[in-house]
1. What is the distance, in nm, between label points placed 7 Å from the Cα along the Cα-to-Cβ direction at residue 53 and at residue 5?
2. Taking the 0 to 90 degree range and rounding to the nearest ten, how far is the long axis of helix 27-37 tilted relative to the main principal axis of the chain, both from C-alpha atoms?
3. Points 7 angstrom from Cα along the Cβ direction at residue 39 and residue 12: gap in nanometres?
4. Under 8 Å for C-alpha pairs, at least 6 residues apart: give me the relative contact order for the chain, rounded to a whole percent.
5. Determine the percent antiparallel among the DSSP beta bridges restricted to the chain, to the nearest 5.
6. Using only helices, what value at 222 nm comes out for the chain when you add -39,500 (n - 2.57) per DSSP H run of length 4 or more and divide by the total residues, to the nearest 500 deg cm²/dmol?
7. Work out Dmax and Rg for the chain from the C-alpha atoms and quote the Rg first, both in angstrom.
């Protein structure tokens, strides 16, 4: 899920990602994986807030 938090100017986003790829990886590595995918987009973004969870972690938050 991506949420524009910049009042429409597209400079500040909150990104929520759930992936099996995050299993066993520390937070910094998870964020680097997401940054790698968003490399081009990040060139025009002022700020980004990431939440990266495994499917198991996501299920726990829904309980």
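What follows is calculated from the coordinates using simple rules that are stated; it is not laboratory data. On a predicted model such as this, the values are computed, not experimentally measured, just so you know. Note: ideal-geometry Cβ built from the backbone for every residue, glycine included; neighbour counts use all protein chains shown.
1. Distance between label points: 1.6 nm.
2. The answer is roughly 50 degrees.
3. 2.8
4. Values: 70 pairs, mean separation 26.1, N = 63.
It rounds to 41 percent for the chain.
5. Details: 3 of 10 bridges.
If I count the DSSP bridges inside the chain, around 30 percent turn out antiparallel.
6. Values: 3 runs with 23 residues, N = 63.
The helix-only estimate for the chain comes to -9500 deg cm²/dmol at 222 nm.
7. Looking at the chain, its Cα Rg and Dmax stand at 12.6, 37 Å.
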